[in-house]
Amino acid sequence: MASGVAVSDDCVTKYQELKLGKALRYITYKITDDLKEIVVDQVAQSNTSWDDFVATLPKGDCRYAVYDFEYTADDGGKRNKILFILWSPEGAKVKPKMLYTSSKDGIRKKLVGIGTEIQATGFDEVDHAAVTEKVLRK
């Protein structure tokens, strides 16, 4: 990792629960206060909505997230795609933004099977319609 921030084994364990077990809807991850490790921040059960997820994103701090996103494909069928989200809001300080960006590859490479990656700096970029459009283009 370019930043030197390690990824906790629990991050991958929880991701596998989301990916294979379908018991979780999303997981958020954060970098610890000592800036040494990426850890699980929050998990949500499979009945949690996209709006509930977006409401958990902090306005002034960064996060990583994976979300089991359900959408309607062009053929009308229901599909799911696992999203990886780098949340780096405009209100966050520069140092955390740089650290989250430089540490992203470390966690991203450990989470095998991501369908779409989203980098968001504001709530307009995590609007359900905008995310659905991005998923459909992939």
Efficiency of FRET from Cβ geometry, residue 33 and residue 73, R₀ 35 Å, rounded to 0.05: 0.25
Correct choice for Cα extents along the principal axes in Å that was computed from the model, options [x] 54, 36, 24; [y] 75, 22, 19; [z] 46, 30, 24: [z]
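Among the listed pairs 30/81; 14/95; 36/81, which are separated by more than 25 Å between their Cα atoms?
On the way: 30/81 22 Å; 14/95 27 Å; 36/81 30 Å.
From the list (30/81; 14/95; 36/81), the Cα-Cα distance tops 25 Å for 14/95; 36/81.
We did not get these values from a lab; they are worked out from the coordinates using the rules stated. The structure presented is a predicted model; accordingly, all values stated were derived computationally and were not measured. As a convention, Cβ positions derive from the backbone with ideal geometry for all residues, glycine included, and neighbour counts pool all protein chains shown.
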